[in-house]
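Asks: Take this structure, written in structure tokens, and hold onto it; I'll ask about it next.
The values are calculated or read from the model by the stated rules, or taken from the named source; none is laboratory data. These figures come from a predicted structure and were not determined experimentally. As a convention, Cβ positions derive from the backbone with ideal geometry for all residues, glycine included, and neighbour counts pool all protein chains shown.
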DNA sequence: ATATTATTGATAATTATTATCATTAAGGGA
DNA sequence: TCCCTTAATGATAATAATTATCAATAATAT
């Protein structure tokens, strides 16, 4: 027995899956807490880490200096509005093509890529 | 008079320019401190922020959750080794082309993009 | 059902960043 | 060159983010 499926982990993953906002740990904690107020912050940190190891959850890199998380692990890009700071999904740029360009043009062997576009979103404009 | 050129700012920029390792604030502080031990950490934070506003310094997003900095503002990509965690420059992928793809294929208006490739570097392999 | 032990919740400790404030010094004008 | 104004500094406190600790709980193999 090296790993256990807990009710907490299930709830955390379920809540993150429903969130399309790419929350930080704190934001995820608040959403989880609304569903089950007995779940503590440390449990969020622990389970998000575990879910990442299991490739169920992926980091979203943003320029605000805090990590965000996404339950959609299909490698895709993100757009961050410099004004409202919301993070949106971008499916119009092929990340696999980027990895292919790397493979042919560079000496690095990369199997993973994070892409963050920035600008002002249509709502803020 | 709204801004002043201080000796500290000069040293910090000079040291960062010479560093090719994309340091964190702490790493930059240590390098600066070796040159002038009177310069405090808060001054590093302040001047790096200022230099970013002046487009002399750019953030490097990495998956370790801490911001790194680069004095090369020509928009380029980075590769991070998952083993030794070093960050390397990548000039083989055209970021302007990425922004062009965004312009034609998506509804977002983006003027900036951060790209981080990951894998194992040749030295660690 | 029971025993083992991974996981939890609470909280302390650590790390990263920002704010505060008295002092210092950049640089414009006399 | 010497003041004068005030931006910037260094030291440190405050805040925010993350990790570590530990007794209690609960998942699961037997």
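Asks: For residues that are within 14 Å of chain B (Cβ to nearest Cβ), out of contact with any helix residue (DSSP H, G or I) (no Cβ under 8 Å at 6 or more places or on another chain) and within 9 Å of DNA strand D (Cβ to nearest atom), scanning just segment A:27-64, find the one that is nearest to residue B:58 (Cα to Cα).
Replies: A:64
Asks: So, one more: Taking the residues in segment B:81-111 that are more than 9 Å from chain A (Cβ to nearest Cβ) and in contact with a strand residue (DSSP E or B) (Cβ under 6 Å, 6 or more places away or on another chain) as candidates, determine which candidate is nearest to residue B:12 (Cα to Cα).
Replies: By that ranking, first place goes to B:87.
A quick yes/no check of all residues on (1) exposed (fewer than 15 other Cβ atoms within 10 Å of the Cβ); (2) within 27 Å of residue A:125 (Cβ to Cβ); (3) within 16 Å of DNA strand C (Cβ to nearest atom); (4) in the same structural domain as residue A:5 (by TED's automatic domain parsing):
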{"site": "A:28", "(1), (2), (3), (4)": "no, no, yes, yes"}
{"site": "A:47", "(1), (2), (3), (4)": "no, no, yes, yes"}
{"site": "A:53", "(1), (2), (3), (4)": "yes, no, yes, yes"}
{"site": "A:82", "(1), (2), (3), (4)": "yes, yes, yes, no"}
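Asks: Against the definition (under 11 Å from the mean Cα position of the chain (by Cα), surrounded by 20 or more Cβ atoms within 10 Å (Cβ to Cβ) and more than 14 Å from DNA strand C (Cβ to nearest atom)), how does residue B:73 come out, yes or no?
Replies: no
Asks: Moving on to the next point. Looking only at segment A:14-26, which residues are in a helix (DSSP H, G or I) and within 14 Å of DNA strand D (Cβ to nearest atom)?
Replies: The answer is A:25, A:26.
Asks: Hey, any hits in segment A:87-103 for a residue that's more than 16 Å from DNA strand D (Cβ to nearest atom), touching a residue at least 40 places away in the same chain (Cβ under 8 Å) and in the same structural domain as residue A:124 (by TED's automatic domain parsing)?
Replies: Within segment A:87-103, one or more residues are more than 16 Å from DNA strand D (Cβ to nearest atom), touching a residue at least 40 places away in the same chain (Cβ under 8 Å) and in the same structural domain as residue A:124 (by TED's automatic domain parsing).
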